[in-house]
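Visitor: Please find one structure pasted underneath; my questions will follow.
Any read-out appearing in this document is the output of simple, stated calculations on the displayed coordinates, not a laboratory observation. Remember, predicted model here, so these are calculated numbers, not experimental data. Here the Cβ positions follow ideal geometry from the backbone for every residue, glycine too, while neighbour counts run over all protein chains shown.
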Amino acid sequence: MLHGNAGKAFYKFAKFREVTEMKKLILRLVAAGTACTAVACFCACSSGGDETASAGGAIYYTVMFDSRGGSEVKSARVLAGNPAPRPETPVREGYFLTGWYEDPAATDDEWHFDTDRVTSNITLYAGWELSGTAEATASLVYERYGDGYAVTDVGEETEIVIPAEYEGLPVVAIRDEYGNGVFSGKAITSVTVPDSVTEIARNAFYNCAALAEINIGAGSALATIGGRAFSGCLSLEEVYIPASVTSIGDSAFNNCGSVSFTVAENNAAYRSPNGHLVERGTNTLLRGGRSGDIPDGVEVIAQAAFRYAQVTQISVPASVREIGNYAFDYNENLEYISVDEGNDCYSSADGVLYNAERTELIFAPEGLQGEIALPVTLSAIPSFAFDGRTGLTGVYIANENLESIGSFAFRGCGLEIRFAGTREAWDAISKNQVWNTGAQLTYVCEAQA
């Protein structure tokens, strides 16, 4: 299931009220320098240790998730006043998730993970809807396809429900007669896909920027998701891949924004460590989730895998041996990339990605901050290397024999460049005529002529 919205709830335990005054006393003890005793006392007195105070006086609460018949969801410990992390989507055969709620019946007070704040110990309850029970969208257009029907078009509706049957035959595909998508670019906000559908064709929902929710049940027969099927769906937040899926086309989820994947545990072709979509057979990370931590064992990061992912940092493990083009582009908040020291193909310094020998600068994060030093082994600064990196305040060039600076390398930057060599050596560097377009730069040559 691809699911976007979730809701709001504050489930307050009775014992929370009983320990309020104790908490105040403990925080006074912490401030007086008796942190260890205070914390131990507080943990002993609070509700089973779910609410705790750190040595600095910070309060944490426990957010529990009751999946109400779905697969188990782990609880989370959250700093008071912060949002709760969105959990992995639970699975319940024959149902799709509608959201998380305070109400034990999961009908009222939906929890909104992006905006709601945790102020007490809470329990959130999963809301479920039976697959195929909603009324089908009347304006859907069908054509015969194989042993059933394919959905080929829809009217102006934004919330789409596809039926499991049409005129007594199963609805088996979302595609036109040429095998392309049918909802591309439409203002759709949600789609319910019945278990009968086996194919979502290429470009099916391409650039449906408002699409926030696609409901797919755990019992789905879906086998194929075509190339670019959901590319450009910037509002998607949750993606569920059922066990039946055996093929996901190129760039199927590129440019999807901040999204997290849950793949059924018994899916033989794909998995979802840390919320990423990973192909098992090739250990290729096809699309990055909301976490910047790439799990060990991933060998390939696909082209544009994290484009628009809105992550703030990326950690590349030792196992990665190939990173595709544009893998980290269009992440304005990405400040830092780190590479495990055991990686034989890549390295990092000051948050910038290089090849293993640091002779080639591969990518500088768009949110890079402060001052950085370029390695002495770097012989050239490539085109667009620091284009638009307005958070940078200084760049130190350690190689006195730097050979070239490419086009737009420092476009739009306002920073100081410190060069290890002489002024003559700096002037001798081959610089593209637009290397510093729109930049406000100052230069310091550290070596005497």
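Visitor: If the elastic network links every pair of Cα atoms under 10 Å, which of Gly412, Gly351, Gly288 fluctuates the most in the Gaussian network model of the chain?
Guide: The residue that fluctuates most here is Gly412.
Visitor: In whole Hz and in residue order, list the ³J(HN,Hα) couplings for the stretch 256-263 that follow from phi through the Karplus curve 6.51 cos²θ - 1.76 cosθ + 1.60, θ = phi - 60°; x for Gly and Pro.
Guide: So the Karplus estimates, Gly and Pro as x, are 8, x, 7, 10, 10, 9, 10, 9 Hz.
Visitor: Which residue fluctuates most in the GNM of the chain (Cα springs below 10 Å): Ser407, Ser220, Ser235?
Guide: Its mean-square fluctuation being the largest, the pick is Ser407.
Visitor: Long-range amide H contacts for Tyr95: which residues qualify at under 5 Å (H placed 1.01 Å from N, peptide plane, sequence gap of 5 or more or a different chain)?
Guide: Ser131, Ala218, Gly219
Visitor: Among DSSP beta bridges lying fully in the chain, give the percent that are antiparallel, nearest 5.
Guide: 40 percent
Visitor: Which percent, to the nearest 5, of DSSP beta bridges fully inside the stretch 344-423 are antiparallel?
Guide: Once the DSSP bridges in the stretch 344-423 are tallied, antiparallel ones form about 35 percent.
Visitor: Follow-up. What ranking of Thr284, Thr98 emerges when the number of other C-beta atoms within 10 Å of each C-beta is taken as an exposure proxy, fewest first?
Guide: On the way: Thr284 17, Thr98 20.
Taking fewest neighbouring Cβ atoms as first place, the list is Thr284, Thr98.
Visitor: Then there's this: So, with +1 on the Cβ of K and R and -1 on the Cβ of D and E, and no other charges, what is the size of the charge dipole of the chain about its Cα centre, to the nearest 20 debye?
Guide: 1080 debye
Visitor: Give a residue-ordered list of calculated ³J(HN,Hα) values for the stretch 284-290 (Karplus: 6.51 cos²θ - 1.76 cosθ + 1.60, θ = phi - 60°; whole Hz; x for Gly, Pro).
Guide: Whole-Hz 3J(HN,Hα) from phi for the stretch 284-290: 9, 7, 7, 8, x, x, 6.
Visitor: In a solvent-free Debye calculation with one equal scatterer on each Cα, what is log10 I(q)/I(0) for the stretch 282-417 at q = 0.16 Å⁻¹, listed in the order of the q values?
Guide: Log10 of I(q)/I(0), two decimals: -0.78.
Visitor: Something else: Please list 3J(HN,Hα) in residue order for the stretch 143-157, calculated via the Karplus relation 6.51 cos²θ - 1.76 cosθ + 1.60 where θ = phi - 60°; whole Hz, with x for glycine and proline.
Guide: 9, 4, 8, x, 8, x, 10, 10, 7, 10, 5, 8, x, 9, 4
Visitor: Turning to a different aspect of this structure: Take Ala209 and Asn266, extend 7 Å from each Cα along the Cα→Cβ direction, and tell me the distance between the two endpoints in nm.
Guide: With each label point 7 Å from Cα toward Cβ, the separation is 4.1 nm.
Visitor: Still on this structure: Between Glu299 and Ser407, what FRET efficiency comes out of the Förster formula 1/(1 + (r/R0)^6) with R0 = 22 Å and r the beta carbon distance, rounded to 0.05? Spell out each step's value before the answer.
Guide: On the way: r = 33 Å, r/R0 = 1.48.
The calculated FRET efficiency here is 0.10.
Visitor: Identify the trypsin sites (Lys or Arg not before Pro) of the stretch 75-127 meeting these criteria: DSSP loop state and at most 14 other C-beta atoms within 10 Å of the C-beta.
Guide: Listed in order of number, the matching sites are Arg117.
Visitor: Can you compute the modelled spin-label distance between Asp350 and Thr158, with each label point 7 Å from Cα toward Cβ, in nm?
Guide: 4.6 nm
Visitor: Okay, next question. Using the Kirkwood formula on the Cα atoms of the chain, what hydrodynamic radius do you get, in angstrom to one decimal?
Guide: Kirkwood hydrodynamic radius for the chain: 24.8 Å.
Visitor: Testing the spin-label approximation: label points 7 Å from Cα along Cα→Cβ at Asp250 and Thr390. State their distance in nm.
Guide: Result for the modelled spin labels: 3.5 nm.
Visitor: Of Ser244, Ala398, Ser260, which is farthest towards the positive pole of the chain's charge dipole, taken about the Cα centre with +1 and -1 on the beta-carbons of Lys, Arg and Asp, Glu respectively?
Guide: Of the listed residues, the answer is Ala398.
Visitor: Please find, in a Gaussian network model of the chain (springs between Cα atoms separated by less than 10 Å), the residue of Ala212, Ala252, Ala80 whose mean-square fluctuation is greatest.
Guide: Ala80
Visitor: Would you kindly state how much longer the chain becomes between Ala398 and Val376 on full extension, computed as 0.36 nm times their sequence separation minus their alpha carbon distance, in nm to one decimal? All intermediate terms of the calculation are to be shown ahead of the outcome.
Guide: Numbers: separation 22, 0.36 × 22 = 7.92 nm, distance 0.47 nm.
Stretched out fully, the Ala398 to Val376 stretch lengthens by 7.5 nm.
Visitor: Provide Lys74, Lys186, Lys431 in ascending order of the number of other Cβ atoms located within 10 Å of each residue's Cβ, fewest first. Don't jump to the answer; show the numbers that get you there.
Guide: Values: Lys74 8, Lys186 22, Lys431 17.
Sorted ascending by nearby Cβ count, the order is Lys74, Lys431, Lys186.
Visitor: Take Thr192, Thr312 and order them by how many other Cβ atoms sit within 10 Å, fewest up front.
Guide: Numbers: Thr192 23, Thr312 12.
Ranked by crowding around the Cβ, least crowded first: Thr312, Thr192.
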